[in-house]
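Single-structure report; data block below.
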Amino acid sequence: MTTQNAVGNSFAVVRQYAPYVQANWGYANHWYPALFSEELAEDGVKGVTIGGHDLALRRSQGKTYAVSDRCVHRGVKLSGKPMCLADGTITCWYHGFTYDLSDGNLTTIVGNPDDALIGNVRIRTYPVQERNGMIYVFVGDEDFSPVPDLSTDLPMKVTDDANPVAHLLGEHTVVKGIHRRLVGNWRLAAENGLDPGHLLVHWDNQLVVALDRALPLGLQALSEDATEMIDIPDGPKGVMNRYDKPELYRPVLENPKVNMTARGTVPHYFRVSLWVPGVLMVEHWPISNFVQYEFYVPIDDHHHEYWEVIAYRAETEEERKEFEFKFDNFLLPLGLLDFNNRDVFAREATEEHYTRFDGWTNEVLCDMDFSVVSWRKQASRHLRGYFSSPYHDED
Amino acid sequence: MTTQNAVGNSFAVVRQYAPYVQANWGYANHWYPALFSEELAEDGVKGVTIGGHDLALRRSQGKTYAVSDRCVHRGVKLSGKPMCLADGTITCWYHGFTYDLSDGNLTTIVGNPDDALIGNVRIRTYPVQERNGMIYVFVGDEDFSPVPDLSTDLPMKVTDDANPVAHLLGEHTVVKGIHRRLVGNWRLAAENGLDPGHLLVHWDNQLVVALDRALPLGLQALSEDATEMIDIPDGPKGVMNRYDKPELYRPVLENPKVNMTARGTVPHYFRVSLWVPGVLMVEHWPISNFVQYEFYVPIDDHHHEYWEVIAYRAETEEERKEFEFKFDNFLLPLGLLDFNNRDVFAREATEEHYTRFDGWTNEVLCDMDFSVVSWRKQASRHLRGYFSSPYHDED
Amino acid sequence: MTTQNAVGNSFAVVRQYAPYVQANWGYANHWYPALFSEELAEDGVKGVTIGGHDLALRRSQGKTYAVSDRCVHRGVKLSGKPMCLADGTITCWYHGFTYDLSDGNLTTIVGNPDDALIGNVRIRTYPVQERNGMIYVFVGDEDFSPVPDLSTDLPMKVTDDANPVAHLLGEHTVVKGIHRRLVGNWRLAAENGLDPGHLLVHWDNQLVVALDRALPLGLQALSEDATEMIDIPDGPKGVMNRYDKPELYRPVLENPKVNMTARGTVPHYFRVSLWVPGVLMVEHWPISNFVQYEFYVPIDDHHHEYWEVIAYRAETEEERKEFEFKFDNFLLPLGLLDFNNRDVFAREATEEHYTRFDGWTNEVLCDMDFSVVSWRKQASRHLRGYFSSPYHDED
Ligand code: FES
Ligand code: FES
Ligand code: FES
């Protein structure tokens, strides 16, 4: 039974991005952020879940490692009660199975150093990289090879800007941010980030009002090129809303039918792009010369970890301190929290329809969704694999 | 496996009211109360769910409207964050889809007034009537026609009483009440309301004790006519316990086996009837000349909205004020709350058996259930349709 | 998809204790503790659930009874709102169905003493025994006969000890304890209790440190006899870790690979055994001459009631008082709570793997699990029946 009278998307439309529609659990075989560096102290252990994979991250002698968070013995989470007795190893708190962090091999059992299993079983390890304050892990099929370069799973380095924003892997790049577990499929979050049609949820945000930002009611694309497909050989794949090209967009400044007129007098340039496997870049946001990156990391089919990261190029210690001060007292409260909390509300509100009412075939897209559709097609073309449910007690 | 030794109802018995047993989600194509008038302010929006239909109610320029609460675009609830920018319309807070309240047509999109969808898609609208302080909606199949008169889905107008109680649609009728979401299928609630066998849960209620009401331990029906089937042509269908006819009932005043004797010395006349699609009328309750109406509005198969409404005929402003004073300080706390909370407990306690242990075929009815069985049969005869699960992610 | 690289148990191994692996809901046709005597006051009613059976326990004129907690009429729990109007009966609070506690027969209905059902339907009754402060019920198939002696479902009476600990049914035995509902299948709890490999979770417990107990890192079994299979004809069946025989175990005192050395200087003798259908005996624990019994009573397939009972032989009133003082101020806070809370954590942490990742075939047992495997085999041989889900709304 449906309570709507709309015709949903036609089969022909959905077929154009069918691989994407199937990716309920997310894209496998990609690099995803797991933790900020400052969240993992020396000798610390933290558990995270990405695409159904439970991972234990551990820092030992300065190096970071990621291993399966399931003890091979009786399956408890190693991170449930961190126990690290020797450098370069992680010990299960229950019966003392101790694994080498570099290869996952069982190296000893605390209470039985002579056990026959020692040297013969192991837990899985995951590739890790720590760069500019963030710890990334490569998650997917164990035999996937070769592991692509981390840079292929991050937004491209901006080159066509007089004052290009900081790249996540760039020299002198500093980052600060937050992440939180949200209800909602990762794709609903990613699409919301890119979507030029959701300006309405932000029109009365404190940030926008305080800075008197000129925000149109909407943006009408004037050409197919308004959202550019970007496919860098051996590099990032994504789509970019070319807000930098005024000939591609007509801003909608009033809609008399609903008595709305765009507010604000201060023009502000920014540009939005979205990258496989689900990373947003908003150049010159929340303010010029800064950049906001967002990751929508799949946890399971109905939850994602929402990452909000502000990056900046700080060449001196003073610049870094100024960045941190701005972050703590302006960018975090007004940007990542007050502004983006509207997006959080919207994404969580969308989940029910896509879960319970089969939204992927029961949605009615409009002109403003050209951008989202481009993303779906682009994401469908650059698929390395799917995550799937790890649970045996489900279908 | 069953832990009981009882024989359940025979197949022959259940077959007599099989249509009713199938109505897990409730009876479709009926009028149901959605809100009290005072709950919907001018320009207000409220969301309610009836039989799996999510509805958004809105009052604009004094008139009330009901539309589907699912935006055709990407399915969020319009009531999630009410946004009404122009009279006679409702705007989705996410991307600005704006619908005409009278026919559901998409009339504009805030940020794109030229979108091709405008005028070509719509959300469903539902018939609404507002009468004597209550807002009713007609919910069911969209093509159900003609929509029956509201009065057919309310208890009949009483005519055989020297001092007939107020009808819900009557001139001068004033109502006050409450409603709340309860665990439990709507039928368990309806049957509890009618059931003459549940006096035991009320025998020590404050209302009964304070007024020294003579309440028997039980009521033994002496004839098939004790519960009358009422079928008014083009009007209400229901059953009535004819407590007004002393020749039909023998009150049970003591049961020595359990050392119980009926308490109270003040006789009190009232009469109970139950009407399709699940509306109770208790004439002269909580006190003479007042009437308590109850609606058991299905939300889904395991929850209903429990409505308790006291009605009274107030011809002057003074009578209305006196009614409101009595309601606030006596009828509400002692009647709708203290007294009926016992019923709430009982209904919620019954749900588990009917849900998890297939209670409809695994119950053992007794003589006192003649009244409930009459209701089941009557309800089975007057079926306009079933609600069913709207969810795609369930069987 | 699995995130581990381990081979699970081979089919040949699992086959050795296949009946046990199937017992998700527990072993039927056994005696289980339902309440401590002090929890059931004269005329009191309490509801408990064992292996999916909902039971109402009632004490009337000093005698305890157990009946099905589901009213045959419309299925509410009798214990939901205890109502006992006459000795030797229990009355349903909803419509007054009144049952004889000794045979479950419907003896009257409060409001209709002449109902045709009276004398013709009944609820199930369960055998009950109250011994030394504990109330046991026999739960399983209604036609299971003969009901075995209670002693067959309790740990054996110890005879091979110079100072044998108190038996649960012994003369002069006094007991004190607690019980609580835990997440986790009953078998994970039982195995944790026996398992000599879980010493690691206790190595820094307050009890161990305060008493400077010499606790090894692990115990290496030197022979198949280290865990003895005990099968007493017409009596208890179980397995016992023969810690009393030094030739059977080699304590592991250090493991240089993880920089661990056993702590403590005071040797302490205790002995652990586990009995069908899931009862642990730890002789001389928490301190010498006392004994800790634990029951892991299945509630459903994912929850058990964890019973911790300390027993002592007190021949005089003074000895009993001294026992109670020690219990309240030492054995309870340091033993049953601080010490065993570590076990609670471990069991609850293990549940997820066995539920969602099919742990019974996806575990990798080690040498120290010889004891657990012996238990599984022994339990497989002494099976009187399975509990199963009572719910109709599950597969
Ligand atoms: S579960 Fe990890 S060592 Fe036993
Ligand atoms: S979901 Fe309503 S306008 Fe987009
Ligand atoms: S449900 Fe127990 S008497 Fe009716």
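The values are calculated or read from the model by the stated rules, or taken from the named source; none is laboratory data. Quick caveat: nothing in here was measured; it's all calculated off a predicted structure. For neighbour counting, all protein chains shown are included, and Cβ atoms are generated from backbone atoms with ideal geometry for every residue, glycine included. Note: areas computed on protein heavy atoms with side chains; ligands, DNA, RNA excluded. Shrake-Rupley method; radii C 1.70, N 1.55, O 1.52, S 1.80 Å.
Here are some notes:
- Residue in the range B:198-213 that is touching a strand residue (DSSP E or B) at 6+ places or on another chain (Cβ under 7 Å), more than 16 Å from ligand 1 (Cβ to nearest atom) and of a type in the set (Gly, Ala, Ser) present: no
- Matching residues in the range C:236-261 - criterion: being assigned to a loop (DSSP other than H, G, I, E, B) and farther than 17 Å from C:PRO164 by Cβ: C:LEU253, C:ASN259
- The single condition among (1) more than 9 Å from every other protein chain (Cβ to nearest Cβ); (2) more than 30 Å from B:GLY119 (Cα to Cα); (3) in a loop (DSSP other than H, G, I, E, B) that A:THR361 does not satisfy is (2).
- C:VAL67 being crowded, with 23+ Cβ neighbours inside 10 Å, in the same structural domain as C:GLY111 (by TED's automatic domain parsing), more than 18 Å from B:GLY359 (Cβ to Cβ) and in contact (Cβ under 8 Å) with a residue 24 or more places away in the chain: yes
- Single unsatisfied condition, A:VAL165 versus (1) touching a residue at least 24 places away in the same chain (Cβ under 8 Å); (2) more than 20 Å from A:GLU294 (Cα to Cα); (3) surrounded by 19 or more Cβ atoms within 10 Å (Cβ to Cβ): (2)
- Verdict on C:TYR354 being closer than 22 Å to C:PRO33 by Cα and touching a residue at least 12 places away in the same chain (Cβ under 8 Å): no
- Looking only at the range C:40-82, and only at residues there that are within 16 Å of ligand 3 (Cβ to nearest atom) and of a type in the set (Val, Ile, Thr), the one that is farthest from the other protein chains (Cβ to nearest Cβ): C:VAL45
- Meets criteria (closer than 30 Å to A:ASN341 by Cβ and open to solvent by 40 Å² or more (accessible area, probe 1.4 Å)) for B:PRO113: yes
- Subset of the range B:171-194 that is surrounded by fewer than 23 Cβ atoms within 10 Å (Cβ to Cβ) and of a type in the set (D, E, K, R) - its residue that is farthest from ligand 3 (Cβ to nearest atom): B:GLU171
- Residue check, C:LYS237 under 26 Å from the mean Cα position of the chain (by Cα) and open to solvent by 10 Å² or more (accessible area, probe 1.4 Å): yes
- Verdict on C:ARG15 being open to solvent by 40 Å² or more (accessible area, probe 1.4 Å) and not assigned by TED's automatic domain parsing to the domain that holds C:TYR296: yes
- Within the range B:70-107, tally of residues that are among the hydrophobic types (A, V, I, L, M, F, W, C) and over 22 Å from B:THR49 (Cβ atoms): 3
- Taking the criterion of being touching a Phe, Trp or Tyr at 6+ places or on another chain (Cβ under 7 Å), buried (at least 21 other Cβ atoms within 10 Å of the Cβ) and charged (D, E, K, R), the only residue of the range C:358-395 that qualifies is C:ARG376.
- Check on B:ARG131, touching a Ser or Thr at 6+ places or on another chain (Cβ under 7 Å) and of a type in the set (Lys, Arg): no
- All positions within the range B:338-351 that are free of Cβ contacts under 8 Å to residues at least 24 places away in the same chain and open to solvent by 50 Å² or more (accessible area, probe 1.4 Å): B:ASN341
- Filtered residues of the range A:71-102 (kept if near ligand 1 (Cβ under 10 Å from one of its atoms), part of a strand (DSSP E or B) and open to solvent by 10 Å² or more (accessible area, probe 1.4 Å)): A:LYS77
- For the range B:235-264, the set of residues classified as modelled with pLDDT under 95 and away from every other protein chain (no Cβ under 14 Å) consists of B:PRO246, B:GLY264, listed by residue number.
- Taking the criterion of being within 13 Å of ligand 2 (Cβ to nearest atom), under 16 Å from B:ILE109 (Cα atoms) and in contact with an Asp or Glu (Cβ under 6 Å, 6 or more places away or on another chain), the residues of the range B:71-88 that qualify are B:ARG74, B:LEU78.
- Count - residues of the range C:262-290 that are farther than 22 Å from C:ASP369 by Cα and outside any loop (DSSP other than H, G, I, E, B): 2
- Residue that is farthest from B:TYR126 (Cα to Cα) [pool: residues in the range A:1-31 that are hydroxyl-bearing (Ser, Thr, Tyr) and at pLDDT 95 or above]: A:TYR27
- Condition met for A:ALA34 (surrounded by 23 or more Cβ atoms within 10 Å (Cβ to Cβ), modelled with pLDDT of 95 or more and more than 14 Å from chain C (Cβ to nearest Cβ)): yes
- C:GLY218 within 16 Å of ligand 1 (Cβ to nearest atom), within 14 Å of chain A (Cβ to nearest Cβ) and within 22 Å of C:ILE299 (Cα to Cα): no
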